[in-house]
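Worksheet: the structure to be examined is printed underneath.
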Amino acid sequence: MPKMVNLKSRSMSQPPLKSLHSEGSLSQTKIERFSRLSDQKLMESLKPGQPGSLKTRSDGTIIEGHHRVKVLRDRGIDVDSLPRDVIEREDAE
């Protein structure tokens, strides 16, 4: 089971977010649906510790939250400062 680390504070060093998927592979239906939500609603939906939270690898690669991050980034929001749940890969033995 992967270990989750919660980075809630900007004072902790967070790498910039980077997408696991190319922009062209994102679902336009999801982009349109999330585009109808306010910045605040989108950011709340990404908060750590809840279903659908922003999940990344330790290097900032997004595992969950791609579409909402794209919408916020397109609106000029500093998504790199968002708190996130960091999923650590277990070492292969």
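The values are calculated or read from the model by the stated rules, or taken from the named source; none is laboratory data. Since we're looking at a predicted model, the values are computed, not measured. Note: ideal-geometry Cβ built from the backbone for every residue, glycine included; neighbour counts use all protein chains shown.
Identify, from the list SER35, SER22, SER9, the residue that is hydroxyl-bearing (Ser, Thr, Tyr), surrounded by fewer than 16 Cβ atoms within 10 Å (Cβ to Cβ) and modelled with pLDDT under 90.
SER9
Of ARG73, ARG68, which residue is under 10 Å from the mean Cα position of the chain (by Cα), surrounded by 14 or more Cβ atoms within 10 Å (Cβ to Cβ) and in a helix (DSSP H, G or I)? Steps first, answer last, please.
Numbers: ARG73 fails: under 10 Å from the mean Cα position of the chain (by Cα).
Only one candidate qualifies: ARG68.
Considering the range 13-44 alone, what residues qualify as being assigned to a helix (DSSP H, G or I) and within 11 Å of VAL71 (Cβ to Cβ)?
If the condition is that a residue be assigned to a helix (DSSP H, G or I) and within 11 Å of VAL71 (Cβ to Cβ), then LYS30, ILE31, GLU32, ARG33, PHE34, SER35, ASP39, LYS41, LEU42, MET43 are the ones that fit.
Is it the case, given these coordinates, that GLU44 is of a type outside the set (A, V, I, L, M) and at pLDDT 95 or above?
Working: of a type outside the set (A, V, I, L, M): yes; at pLDDT 95 or above: yes.
In short, yes.
Quick check, is LEU54 surrounded by 15 or more Cβ atoms within 10 Å (Cβ to Cβ) and free of Cβ contacts under 8 Å to residues at least 40 places away in the same chain?
Criteria met by LEU54.
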